[in-house]
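Student: Shown below is the structure under consideration.
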Amino acid sequence: MWKFIHKMASPPHFYGLAARIIPWFAVPGLVLVAYATYAGLFVAPADYQQGDAFRIIYVHVPAAFLSMMTYMIMAISAGIGLIWRIKLAHAVAAAAAPLGAWFTFLALATGSIWGRPMWGTWWEWGDPRLTSELIMLFLYFGYMALRGAIDDTAKADKASAVLALVGAVNVPIIHFSVEWWSSLHQGATLVREGGPAMDMSMLYPLLAMILGFKLLFSALLLRRVRTEVLYRERRTRWVRELVLSEEARS
Amino acid sequence: MEALSMGVYGPYVWACFIMTAMVFVICEWRARVHHRDVYSDIAERVRALGEKQ
Amino acid sequence: MTATDVKSPGLLAGLIGVARRDLLLAWKRPGDILNPLFFFAMVAALFPLAVGPSAEQLEFSGPAVLWVAALLAMLLSLNSLFLSDYEDGSLDQMLVSQTPLTVLALGKSIAHWLTSGLPLVLVSPVVALTFRMPFSVIGILMLTLLLGTISLSMLGSIGAALTVGLHRGTALLSLVVLPLAMPVLIFGSRTVALVAAGDGAAGGLYFLAAYAVLVLSFAPFATAAALRISNE
């Protein structure tokens, strides 16, 4: 088991393996997302209260879920990199951040668009999930800004790791604070996503979409980590030999 | 056509789904381009080093 | 007398030593303490100037405006927390000191609170009165500021340590610290608003106290780690 992890943590090994694994995530992911899109848009019955607008849930919830999952992945791999000094872990954190920011943006944008017909406004400060998503977007920006401001890669890795860990502790607290705050907000109509109990025919596409998103995210992440690894190791022998062998082949 | 209109919420629902698709496409495309750029930079330098010897 | 003859100071002595130094420095440069206070008052004044002086609006927005102004004033003073130490080499001394860096970081944070947070708490009633805040509410305001600024000094030290010496560190510090500070802002200002509306403050105060304790428990370690990373 340790030998496997040790091998996985070796950049050249990871680089090759990841290339082969990506399709195994991408293809099932695409299939699931395609099914979930079709089922969510055309098969699931319209919601009693919200009509067809509720279908936005099928992209909004998975995006929000992924945005939080990515933050955790970022924080955990940054922590692993910091504590056990595994370079690959830092590469994963660096690669995950922009993806997480994109998903957070998507959650916010779809949430805002959903809000327009529901609340009559493009933004509702009273919705705790939207507001804490917004704060999480700022956390991502801070992380990426800190990384960008430090030239030395190793230093940037460690500094942003500290930030990611401190932020991770705060994420649940932020959610709790915002929820408490908006429960005091007079007259806010909280959107109960999907209604109190979701019908099975409504739930399946949602679960499928979440899983599909996760698979696609994994494929994207693997691709980005490969590039990170390649860049960080650009002066090493294995990269040189890799490039030379590719040239020789072509 | 009726299916596409989504009651009255057509523009909202489709905007969301199209935006989602675009985000995935953009992420994939940028990831590939970034990889290609990094790779070609390295290949260029390796080639230059090789010529020097 | 060789270097090995010198006894290393105890932990508490190290903590007090570093805090005392900062307090002395601030005493010699009163502007360091006063400028953020003026900033606090000015920012608070911006809102009635921009929105209009209607009594209702003042009373309604008082807690929020005062809290936002306090938060911004704290951010302002956090910028220079490690800056002068970084520039004159004291930071390097701290890094190699026999006193653990965590203790020194805690000392710096405490000194920062004493020179930035506590003055804010003491000055806030003056500004709060201009927002027609009743005395009972002002008392709660001061309590929330007291607890909140402790958290802000602690969290802010982490941010300051991460960004010390970086190009355009100021904006980066704010970007890094603000999301972390949101729970403090939310609970701080909303608790005061609740009291103004007649509800109880206990829940909010408990949260702020608990948050301060939580932050106190990990911030010095994170600050020390960040200092080491920024200066290797």
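All of the numbers you see were taken from the coordinates with simple rules; none came from a lab. Quick caveat, the model's predicted, so the values are computed rather than measured. For neighbour counting, all protein chains shown are included, and Cβ atoms are generated from backbone atoms with ideal geometry for every residue, glycine included.
Student: Cross-link partners among lysines for A:K155, C-alpha distance below 16 Å, same-chain residues fewer than 8 apart left out?
Tutor: A:K87
Student: Run the dipole for segment B:2-52 about the Cα centre, Lys and Arg Cβ at +1, Asp and Glu Cβ at -1, nothing else charged, and hand back the magnitude in debye, nearest 20.
Tutor: 260
Student: Say we join alpha carbon atoms closer than 10 Å with springs in a Gaussian network model of chain A; which of A:V92, A:V59, A:V169 then has the biggest fluctuation?
Tutor: Evaluated over chain A, the most mobile residue of the options is A:V169.
Student: Convert each backbone phi in segment A:166-176 into a coupling constant with the Karplus relation 6.51 cos²θ - 1.76 cosθ + 1.60 (shift: θ = phi - 60°), then list the ³J(HN,Hα) values in order as whole Hz, x for Gly and Pro.
Tutor: Working through the residues one at a time gives 4, x, 4, 4, 7, 4, x, 5, 4, 4, 4 Hz.
Student: Between A:L41, A:A164, A:L66, whose Cα lies farthest towards the positive end of the dipole of segment A:21-179 when Lys and Arg beta carbons carry +1 and Asp and Glu beta carbons carry -1, centred on the Cα centre?
Tutor: Of the listed residues, the answer is A:A164.
Student: Give the cross-link partners of A:K158 among the aspartates and glutamates, using a straight C-alpha distance below 13 Å as the criterion and excluding same-chain residues fewer than 8 apart.
Tutor: Counting by Cα, and skipping residues close in sequence, A:K158 has these aspartates and glutamates nearby: C:E232.
Student: Select from B:T20, B:S5, B:L49 the residue farthest towards the positive end of the dipole of segment B:2-52; place +1 on Cβ of Lys and Arg, -1 on Cβ of Asp and Glu, and compute about the Cα centre.
Tutor: Looking along the dipole axis, the top candidate is B:L49.
Student: What are the aspartates and glutamates whose alpha-carbon lies under 15 Å from the alpha-carbon of B:K52, with same-chain residues fewer than 8 places away excluded?
Tutor: B:E44
Student: Of all the stretches in chain C, which is the longest one without any exposed loop site, taking trypsin sites (Lys or Arg not before Pro) in a DSSP loop (any state but H, G, I, E, B) with at most 11 other Cβ atoms within 10 Å?
Tutor: C:8-167
Student: To test your reading of the geometry: what angle, between 0 and 90 degrees and rounded to tens, separates the Cα axis of helix A:128-149 from the longest principal axis of chain A?
Tutor: Roughly 20 degrees between the two axes.
Student: Now, a different point. In a GNM of chain C with a 10 Å cut-off on Cα contacts, which of C:S109, C:S174, C:S61 has the highest mean-square fluctuation?
Tutor: C:S61
Student: ³J(HN,Hα) across segment A:93-100 via Karplus (A = 6.51, B = -1.76, C = 1.60, θ = phi - 60°), whole Hz, x for Gly/Pro?
Tutor: Whole-Hz 3J(HN,Hα) from phi for segment A:93-100: 4, 4, 6, 6, 4, x, 4, x.
Student: Now for a separate question. Please label the shape of segment C:3-230 as rounded, prolate or oblate, based on the square roots a ≥ b ≥ c of the eigenvalues of the alpha-carbon gyration tensor (a/c under 1.5 means rounded; beyond that, a/b larger than b/c means prolate, else oblate).
Tutor: Prolate, because a/c is 1.5 or more and a/b exceeds b/c.
Student: Something else now. Rounding to the nearest 20 debye, state how big the charge dipole of the protein assembly as shown is about its Cα centre with +1 on each Lys and Arg Cβ and -1 on each Asp and Glu Cβ.
Tutor: In total the dipole reaches around 1520 debye.
Student: Moving to a separate point now. Specify which residue in the list A:F138, A:A154, A:G120 is farthest towards the positive end of the charge dipole of segment A:91-250, using unit charges on the beta carbon of Lys, Arg (+1) and Asp, Glu (-1), about the Cα centre.
Tutor: So the residue furthest toward the plus end is A:A154.
Student: I've got another one for you. Among C:P36, C:P53, C:P63, which one shows the highest mean-square fluctuation when chain C is modelled as a Gaussian network with alpha-carbon springs under 10 Å?
Tutor: C:P53
Student: I've got another one for you. Using each residue's phi in segment C:163-174, evaluate 6.51 cos²θ - 1.76 cosθ + 1.60 at θ = phi - 60° and report the 3J(HN,Hα) Karplus result to the nearest Hz, with x for Gly and Pro.
Tutor: My calculation for segment C:163-174 gives 10, 4, x, 7, 4, 6, x, 4, 5, 5, 4, 4 Hz in order.
Student: Also, I was wondering about something else. Can you give the charge dipole size of chain C about its Cα centre, rounded to the nearest 20 debye, using +1 on the beta carbon of Lys and Arg and -1 on the beta carbon of Asp and Glu?
Tutor: 140
Student: Tell me the angle of helix A:237-249 to the major Cα principal axis of chain A, expressed in degrees between 0 and 90 and rounded to the nearest ten.
Tutor: 90
Student: Using the number of other C-beta atoms within 10 angstrom as an exposure proxy, rank C:L214, C:L180 with the fewest first.
Tutor: Neighbour counts put them in this order, fewest first: C:L214, C:L180.
Student: Let me have the 222 nm mean residue ellipticity of chain B computed from DSSP H runs of 4+ only, each contributing -39500 (n - 2.57), with the sum over all residues rounded to the nearest 500.
Tutor: After summing the helix terms and dividing by residue count, I get -31000 deg cm²/dmol.
Student: Here's a follow-up. Pull out a ≥ b ≥ c, the square roots of the eigenvalues of the alpha-carbon gyration tensor of chain A, then state rounded if a/c is under 1.5, prolate if not and a/b is larger than b/c, and oblate in the remaining case.
Tutor: The shape class here is oblate.
Student: If a/c stays under 1.5 just call it rounded; otherwise compare a/b with b/c (prolate if a/b is bigger, oblate if not). Do that for the protein assembly as shown, with a ≥ b ≥ c from the square roots of the Cα gyration tensor eigenvalues.
Tutor: oblate
Student: Something else now. For chain C, take the longest principal axis of its alpha carbons; what is the angle in degrees between that and the long axis of helix C:30-51, to the nearest 10 within 0 to 90?
Tutor: Relative to chain C, helix C:30-51 is tipped by roughly 30 degrees.
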